[in-house]
Structure formats: structure tokens, C-alpha cells
Amino acid sequence: MELADFFAQHPSMAVAFSGGVDSSYLLVAAQDAGCRVTGYFMKTPFQPRFELEDAQRLAEEFGVKLKILHDEVLEDPHIRENGPRRCYYCKKRIMAAIVQAARMDGYRVVVDGTNASDDVSDRPGMEALVELQVLSPLRAYGLTKERVRELSRERGIFTWDKPSYACLATRIPTGVPIQGPVLERVEGAEEALKQLGFSDFRVRVMADMARLQLPLAQWGHLVEDPAAVRGAVAPFFSSIVLDLLPREVSE
């Protein structure tokens, strides 16, 4: 069975679109297959600006219909309090809103970009997808992250080598309440470090400090000019520490 079989069986669908590798490929592939398809991007305080910009760029380059939704997820105390089930409550709220919007637009099938490499046992949000009957065709048809990247590159989708990205809420330790201004500081610090050439890293909040988690291969870049790193982060955090456990780069 091929992904094309899924598209043949479901000629009309809404794609929960994050601007990342998997949902970008799924959206373009569905359109290539002749499906009636719309991408639904949910903008919340957890998504940095560049994700929305990537989503808009892809829609423009491939002529895909895009609908941008907005939600203040921090209004939900289950999400704001940042307990161990935060991801479930957040995914349930966001996907329920996408499903509702898609239904109003006449779609009966909603899909997301979960792939066959994703460890569903470590993703509480997957429970919400099952409850809302959101389908994951990449996973169902055995497409791994590596394969999705290959197919995206062949199709000329610019996200093919985009680093995997977890939402800004993951920068806050579990159990520490999430506040919008802190997320804005994290986003600002990460964007400033990207401008210095760093990639696939994280700025994690530790008390009022920034804990920088870099892939080992980029430590040399830090050592070359630590003053530049301090200067980039200083507008957002007064103190910065380096995590001596390197970040493992995902596919």
C-alpha cells in the first residue's frame, strides 16, 4: 500500500499544518494527488514567528490553500500550569479547533504529519489525535522521517532539511507555570542565536537563566566567539549557562 492509495480513498482532506517537514510534505503530496486540500495552521504563543512564515512561504510556492487560526492556549489552566499532561491538553485543544474549522469548511477527514519514526509512547498528544479521529497517513503507510525528507527534497520542498522543532513550551521545566513573556524571551534568544549561525539547538529556562543546549558539533562555534553569544542572549536573559550534555540532533 502506498500513500497514493490513501489519497485515492480520501480525495478531500484538511491537513493540520505546522510548517515542519512532515506536514509540509503531506500537504504538497495531497495536492499533487489531486485532492481538495487545505492546510490549517494554528498560531499560539507556543509557535515562533518563523513557523508561520515557513507555512506561508510553502503555501505561496506551491499554491496550496492555507487557513491561519489563532488560539490563546494559556487561557486553559491545564496548559498554563504545565503539568505532565500539558501536551495532551494542548494538542486536544488545538486539534479540536482545527477539526471544527475544517468541518465548517466542508472537510470530513482531518490528517496530521505524525510519521513512522515518531515514538507514540512518548507523545501524550497522540491520545488526543485518537480521540478526535485525526488520521496520520505518513505513519500508517510506514513513511519514516528520513523517507519524508528524501521525498521532500525530490519534490523541491524547501523544508526537506529543516531541523525538527518542539514548541516553545518545552523550554519550560515541567511543573513550572508557563507565562507568555517568558516564551517571548525564549523565542527572541533563539532567533538571535540563529542569526549567529547556530541551528538545531534549544534555549531552556532555568530559574531566570538561559540554559543553552547545543549539538556537540557547534561547541567550537561557541568557543570561537563567546562574547557574541552573550551579546545575542543578553537582551532576553541576564545569565546564560552551557549544558554540558550536548543536544542529540534528531533526523
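Only the coordinates and a few stated rules stand behind these numbers; no lab work does. In this text, all values refer to a predicted model and were calculated from it rather than measured experimentally. Cβ atoms come from the backbone with ideal geometry, glycine included; neighbour counts cover every protein chain shown.
Numbers for the structure displayed
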| quantity | calculated |
| --- | --- |
| On Cα atoms only, tilt of 86-104 relative to the major axis of the chain in degrees | 40 |
| Degrees between helix 145-155 axis and first principal axis of the chain (Cα, 0 to 90, nearest 10) | 70 |
| Hits among lysines - C-alpha to C-alpha of Lys92 under 27 Å, sequence gap 8 or more where chains match | Lys43, Lys65, Lys67, Lys145, Lys162 |
| Cα-based helix-to-principal-axis angle, 49-62 vs the chain, degrees rounded to 10 | 30 |
| Prolate/oblate/rounded label for the stretch 77-204 (Cα gyration tensor, a/c 1.5) | oblate |
| For the stretch 8-97, alpha-carbon Rg relative to the globular expectation (2.2 N^0.38 Å, N residues) | 1.18 |
| Within the chain, percent of DSSP bridges classed antiparallel, to nearest 5 | 25 |
| Burial order of peptide ranges 69-76, 203-210 (average beta-carbon count within 10 Å, highest first) | 203-210, 69-76 |
| Backbone N under 19 Å from the Glu146 label point (7 Å along Cα→Cβ), restricted to the stretch 4-39 | 21-22 |
| For the chain, size of Cβ-based charge dipole, Lys and Arg +1, Asp and Glu -1, in debye | 400 |
| DSSP bridge pairs, the stretch 179-242: antiparallel proportion in percent, nearest 5 | 60 |
| Furthest towards positive pole of dipole, Val148, Val73, Ala55, structure part the stretch 3-161, Cβ charges | Val73 |
| Ranked list, fewest to most other Cβ atoms within 10 Å of each Cβ, for Phe198, Phe158 | Phe158, Phe198 |
